[in-house]
Each structure stands twice: as structure tokens, then as C-alpha cells.
């Protein structure tokens, strides 16, 4: 029986690369994203292997319906990847960024919760599967100009740990993945150097390997794990002095 994989944010960037990776392995993929045209392109390229769901991960009812449809068509998924996310520069001193903060948290944190929720119980009853959250090394420490993004990824890391403990012993593994920089539309606007940046297809292969291994937590690539560990160890005074001078991600409207 082919692997059954559900991926949110599957129309571009890392999500598309993950979908293509699994499809190349012969998996049946449930592809979730807002852009129906891009999902159609994916489906036409891999006929008979893709079930597409054009929806917003802020819509719990739509995700519930998509989950029911996928299970009816393909069966209980082996892997569910909550990948949909946004990265928008924010500054707390601007009142108009309040809505941006909410937007980022709704998609990056609540979107993952809503993506997993329809599958948790059926996967638990089946006694197997992987629930995978795509967090970020940006969740390790607060980055200037990226308060919403860093906060959302830190919250996602904590949420995934809670979910992992809740499902301990059920056969369902929760995998927290923290990528470094990946060449996607989200990083294309960053006005600063991005060390150890990966092509999306390379990142997808590495991430799929971690998922197959069932690791509870991983940073991709491994060099960013070392960098993240060093950042965590920096005293606040030194960290503040260094990063107060760092360039900020550009602010933009939602």
C-alpha cells in the first residue's frame, strides 16, 4: 500500500517540494493550500496521486471536511505535515501591526492545530502515523523585527511538545522540525545574509528522512542546529548588543 501523506501549504516553497518528494516515491498526497490553480498544476503533473483541497488553514470547518474526504478516498494518513506558514516583519511600536501579529499567530500556530485536529483521533485509533510540525530556528530566540514570526514558531515548538506527550505510547509520533533558511518566496525578501541556505528540494529530502526516522526533534541543516545552540547559550546582554544591530525583515501589509 502506498504511503498516504497530507501536507498544508503545498502549493509553493517547502510544502510543494515535500509534496513532490513524496509523490516521486509513489505516495498518495492530500495537498492543502489556498491557491487552487497551483494545486491543479500539481494534480495534473501526478495524475491519480493527488487529492487537492483549496482552503485557508484558518478555516477549521474546511479542514475538517478535507480530512474526512481524504480518509474516505485514501484511508487514514501515515503522515500529516503542518507546513503552512507566513513570515512578515513587525514592529510593536506600530499599532497597525496588531492585526499582523494576529494574522501570523492564526496561521503559524492555530493553523497547525486545525490541520492536526481532524486526524489525531483516527490516527490514534489506528495506532500509527506521524504528525509533523514545521517550526523554525527563529523560534529559539526572539529576532528583531520578527516578533510575530519568532513568537509563533516558539509557540509552535511548545505546542508540538505538548502534543507529543499527549500521544506518548499511542503509536502516533509527533515530529518537530526546525529548518534554517530555505530558498522560498518567504525568504526571497530578506535583506540580510542567510547562512547554510538550502534549496527547497534538498530541504524536503532531508526533512523526509527525519520524518521516516521518527525523530521527535530535528534542525535542518545540522549546521543550523549548532548555530541555534550557540544563540541559546549567549547571555542576554551579549545577544542584545549583537542583534540590536541586525537588519530587520521588511514590514508589509497582510
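The values are calculated or read from the model by the stated rules, or taken from the named source; none is laboratory data. Quantities reported herein were computed from a predicted structural model and do not represent experimental measurements. Every residue, glycine among them, receives a Cβ derived from its backbone with ideal geometry; neighbour counts consider all protein chains shown.
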Across the range 46-56, what is the number of residues that are modelled with pLDDT under 95 and in contact with a helix residue (DSSP H, G or I) (Cβ under 9 Å, 6 or more places away or on another chain)?
0
Test residue 72 against the stated conditions and say whether it is assigned to a helix (DSSP H, G or I) and without any contact (Cβ under 8 Å) to a residue 12 or more places away in the chain.
yes
Which one of 122, 104 is surrounded by fewer than 22 Cβ atoms within 10 Å (Cβ to Cβ), in contact (Cβ under 8 Å) with a residue 24 or more places away in the chain and at negative phi?
122
Within the range 236-251, is even one residue closer than 24 Å to residue 100 by Cα, touching a helix residue (DSSP H, G or I) at 6+ places or on another chain (Cβ under 8 Å) and surrounded by 12 or more Cβ atoms within 10 Å (Cβ to Cβ)?
yes
